[in-house]
Amino acid sequence: MKIIKLTELPYKQKAIIKSFGDSDLYVKLLEMGCIPEEEISVELSAPLGDPIAIQVAGYQLSLRKEEAEKIMVQIL
């Protein structure tokens, strides 16, 4: 299956987290429940596309667009 950036994921489409591009971001996301193989979806986006709200580990989390760009996901 195709691996894409989280920012390219269509709204409400479920995907699986595959990797993170940045080691500093990796630790931060792990602490918030974004772990590889966890299911994720994009729920909301601000008018200019930054930040976005994602659904992960049973709750909603807001991420800056630059952070979301580094999360690689696989569409389910």
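What follows draws every value from the coordinates through simple rules; no lab data is involved. Model, not experiment: these values are computed from the prediction. Don't worry about glycine lacking a Cβ; one is built from the backbone with ideal geometry, like all the others, and counts go over all protein chains shown.
Points worth noting:
- Overall Cα dimensions of the chain - principal axes, largest extent first, Å: 28, 27, 22
- Computed helical MRE - 222 nm, the chain, DSSP H runs ≥ 4 contributing -39500 (n - 2.57), nearest 500: -4000 deg cm²/dmol
- Given +1 at the Cβ of Lys and Arg, -1 at the Cβ of Asp and Glu and no other charges, the dipole of segment 3-75 around its Cα centre is 180 debye to the nearest 20.
- Fewest-first ranking of 70, 2, 28, using other Cβ atoms within 10 Å as the exposure measure: 2, 28, 70
- For the chain, averaging the sequence separation of C-alpha pairs within contact (under 8 Å, six or more residues apart) and dividing by the residue count gives a relative contact order of 46 percent.
- Extreme residue, positive dipole direction of the chain, given options 20, 45, 10 (C-beta unit charges): 10
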